[in-house]
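The values are calculated or read from the model by the stated rules, or taken from the named source; none is laboratory data. Note that the structure is a prediction, hence the values are computed from the model and not measured. When we count neighbours, we look across all protein chains shown, and the Cβ atoms used for this are built from the backbone with ideal geometry, even at glycine. The area values use the complete protein model at the heavy-atom level, side chains included, leaving out ligands, DNA and RNA. Shrake-Rupley method; radii C 1.70, N 1.55, O 1.52, S 1.80 Å.
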Amino acid sequence: MTNAPVKKVPIHLQSSQNRLLIKNGRVVNDDGMEEADVYVEDGIIKQMGRNLIIPGGTRVIDATGKLVMPGGIDPHTHLDLEMMGAKTADDFYTGTKAAVAGGTTTIIDFVLPQRGQSLIEAYSNWREKADNKVCCDYALHMGVTWWSPSVEREMEQLCGEEYGINSFKMFMAYKDAWMLDDYHLYLAMETCKRLGALPQVHAENGDIIARNVEKLLAAGKTDPEGHELSRDEEVEAEAVNRACVIANQANAPLYIVHVMSREALRALDFARARQRQPVYAETLAATVGTDGSHCRNACFRHAAGHVMSPPLRSDPNTPQAMVDALANDCLQLVGSDHCTFHEKDKALGQGDFTKIPNGVNGVEERMAILWQRGVNTGALDPCRFVAATSACAARVFALWPRKGRVAVGSDADLVVWDPRLQRTVSAANHHHALDFNIFEGQSVVGSPQYVIVNGRVCLDDGDLRVAEGYGKFLKTPVFSPYVYGGEAPMPQTPEPYPSSPMPESPSRVTNGTPTNELNIVSKQMAGTALSSGCSTPTGRKMREPGQRDLQNSTFSLSKEMEGADTKTSVRVRNPPGGKSSGLW
Ligand code: URP
Ligand code: ZN
Ligand code: ZN
């Protein structure tokens with residue numbers, strides 16, 4: 001073997017496969033928007049701005065009239081999961097393929113050990129199921145589904161560098177399966193606090209549900225509607241409050257997964273006011289995009305297809321309440337809880353609703369549904385949309401700013417979002433494995449046109465071209481600065497990427513005021529200013545209910561649409577981590 005020096009290939013002759021320029025778009029981050037081109041090389045954002053000097057042969061995507069946003073991070077999925085005697089329809093290939101199709105470029109799935117099973121063994125199973133299948137990057141939460149001193153020891157191990165876990169989900173429901181009692185929940189939260197991890201809870205009172213189930217079945221109520229009847233809103237709200245109390249006693253931060261009801265929102269508001277540590281709360285695409293009336297459908301398949309826990313609520317005002325709660329910072333994130341079961345599996349609950357495997361779809365639809373219900377109605381502006389679908393998860397689970405941000409040095413996980421793309425959600429055209437869709441027939445305006453995963457164009461002008469096993473596992477470090485470090489830190493260049501400044505001047509755009517009567521997209525196209533007024537979600541404290549500190553914003557979807565001479569940069573007004581007075 002010779003050691004002949006490798007000849008340097010002139011840059012214009014290097015493969016252009018690894019180089020991409022997204023031109024003429026408007027970049028949206030959670031704290032502002034700017035007109036900027038984005039240049040990507042080897043999976044990393046290398047330059048941003050206008051008039052960049054780019055090597056020849058680079059592929060160019062024209063994003064005129066489009067928004068360039070960080071790829072979505074779905075903080076809540078269940079892929080390749082066995083539960084309630086069935087296995088999910090989606091594994092890590094079909095689930096992440098669908099995620100990418102919808103604009104999501106990172107998922108965080110839950111390892112759920114059996115009672116008595118080693119957490120490390122369950123973790124290894126999950127890595128085996130996922131590593132060679134994922135089409136995008138993924139991280140893991142660990143379920144604490146039983147308790148013993150060995151569980152505590154394994155939690156500590158899992159928080160180490162070797163495993164990369166920084167969040168643990170405890171169940172207050174699923175009695176006799178995954179549920180922990182309050183004493184063990186308290187121990188688990190104390191352990192999370194000691195380790196710098198984030199405790200998560202499924203908040204429903206499992207004991208009350210168990211008794212209600214006995215009464216309903218004894219009374220002959222066996223159809224899917226019985227599911228919600230056994231666990232009404234106060235059953236969820238009580239557990240939200242109790243989880244907050246226990247977290248406060250443990251002096252621990254808290255993350256409440258899948259908040260599903262208005263009563264739970266009220267409990268959250270009430271509890272958060274006295275909480276010493278931050279409480280983050282997530283709702284779901286399902287809750288924003290549909291409701292529990294479907295569980296009363298005469299067709300068992302249809303009704304059972306909507307059964308999940310906590311249940312979709314029959315109160316028709318719930319979806320709007322969830323969007324409003326995202327706007328006023330009562331909720332911070334939107335997940336999917338994608339947990340799909342085929343018709344034959346849902347049929348296990350024919351004649352006994354307690355046997356219907358719990359779960360619905362959403363990993364593909366999450367972003368479009370929130371855009372439709374949140375941004376198109378004027379309740380959320382695109383920055384808040386980015387916060388809820390990407391940036392907040394990145395910050396909370398310590399993936400930020402490598403993920404969840406369009407910035408030099410960040411991973412090139414990007415979505416070119418077409419705010420005018422109309423499509424109809426349907427099982428006939430979705431990409432996950434289920435032959436059913438809880439959003440069937442819904443028309444949405446606004447969807448991804450291009451999705452770039454680590455620099456690779458995986459959705460190419462609507463054409464899905466994912467690669468099985470292309471994604472990688474992301475370790476999540478403990479003591480997330482956002483959760484444990486007081487104020488959210490200023491953006492920093494992620495290691496080990498070359499140090500480079502943040503974009504010169506992202507503007508801060510904040511929440512829009514909900515305005516039912518206006519189609520916000522067309523108003524924005526016409527250059528109408530939005531009222532705006534909420535900082536990057538923090539999960540720390542709330543404004544008074546109903547109170548918004550309104551500011552005028554010059555937000556619009558695109559320069560082209562405005563037909564005006566739009567500023568290409570504006571100064572930070574109030575970024576996460578500090579204030580600087582300036583222009584907006
Ligand atoms: O119904 C649901 N949510 N299924 C998945 C398990 C869980 O509780 O998240
Ligand atoms: Zn749950
Ligand atoms: Zn779940």
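Tabulated data
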{"quantity": "Checklist (1) open to solvent by 40 Å² or more (accessible area, probe 1.4 Å); (2) touching a residue at least 12 places away in the same chain (Cβ under 8 Å) applied to Arg194, failing item", "calculated": "(2)"}
{"quantity": "Residues (within 13 Å of Ile120 (Cβ to Cβ) and either open to solvent by 10 Å² or more (accessible area, probe 1.4 Å) or of a type in the set (Asp, Glu) (or both)) located in region 131-151", "calculated": "Ser150"}
{"quantity": "Gly206, sole failed condition from (1) of a type outside the set (A, V, I, L, M, F, W, C); (2) more than 16 Å from ligand 1 (Cβ to nearest atom); (3) buried (at least 20 other Cβ atoms within 10 Å of the Cβ)", "calculated": "(2)"}
{"quantity": "From His294, His306, residue being out of contact with any Asp or Glu (no Cβ under 8 Å at 6 or more places or on another chain), in a loop (DSSP other than H, G, I, E, B) and either free of Cβ contacts under 8 Å to residues at least 40 places away in the same chain or away from ligand 2 (no atom under 15 Å from the Cβ) (or both)", "calculated": "His306"}
{"quantity": "Test: residue in region 120-127 that is closer than 22 Å to Tyr470 by Cβ, surrounded by fewer than 24 Cβ atoms within 10 Å (Cβ to Cβ) and within 16 Å of ligand 1 (Cβ to nearest atom)", "calculated": "yes"}
{"quantity": "Options Val240, Val235: the member that is within 16 Å of ligand 2 (Cβ to nearest atom), within 20 Å of Thr354 (Cα to Cα) and in a helix (DSSP H, G or I)", "calculated": "Val235"}
{"quantity": "Matching residues in region 154-191 - criterion: being open to solvent by less than 40 Å² (accessible area, probe 1.4 Å) and not hydrophobic (A, V, I, L, M, F, W, C)", "calculated": "Glu154, Gly160, Tyr163, Gly164, Asn166, Ser167, Lys169, Thr191"}
{"quantity": "Members of region 89-108 that are open to solvent by less than 10 Å² (accessible area, probe 1.4 Å) and β-branched (Val, Ile, Thr)", "calculated": "Thr96, Val100, Thr104, Thr105, Thr106, Ile107, Ile108"}
{"quantity": "Residue match in region 245-264 (condition: more than 25 Å from Phe479 (Cα to Cα) and away from ligand 1 (no atom under 16 Å from the Cβ))", "calculated": "yes"}
{"quantity": "Residues that are among the charged types (D, E, K, R) and within 16 Å of ligand 3 (Cβ to nearest atom), drawn from region 92-111", "calculated": "Asp109"}
{"quantity": "Gln332 vs. criteria out of contact with any His (no Cβ under 9 Å at 6 or more places or on another chain) and closer than 16 Å to Asp74 by Cβ", "calculated": "yes"}
{"quantity": "Those residues of region 62-86 which are part of a strand (DSSP E or B), open to solvent by 10 Å² or more (accessible area, probe 1.4 Å) and away from ligand 3 (no atom under 15 Å from the Cβ), in sequence order", "calculated": "Asp62"}
{"quantity": "Residue match in region 304-321 (condition: within 14 Å of the chain's Cα centre (by Cα) and either within 15 Å of ligand 1 (Cβ to nearest atom) or modelled with pLDDT of 95 or more (or both))", "calculated": "no"}
{"quantity": "Counted residues, region 355-364 - those being more than 16 Å from ligand 2 (Cβ to nearest atom) and surrounded by fewer than 24 Cβ atoms within 10 Å (Cβ to Cβ)", "calculated": "1"}
{"quantity": "In region 431-454, residue modelled with the lowest pLDDT [restricted to those that are surrounded by fewer than 20 Cβ atoms within 10 Å (Cβ to Cβ) and in a loop (DSSP other than H, G, I, E, B)]", "calculated": "Asp435"}
{"quantity": "Odd one out for Pro316 among (1) closer than 18 Å to Phe439 by Cβ; (2) within 16 Å of ligand 2 (Cβ to nearest atom); (3) in a loop (DSSP other than H, G, I, E, B); (4) not polar (S, T, N, Q)", "calculated": "(2)"}
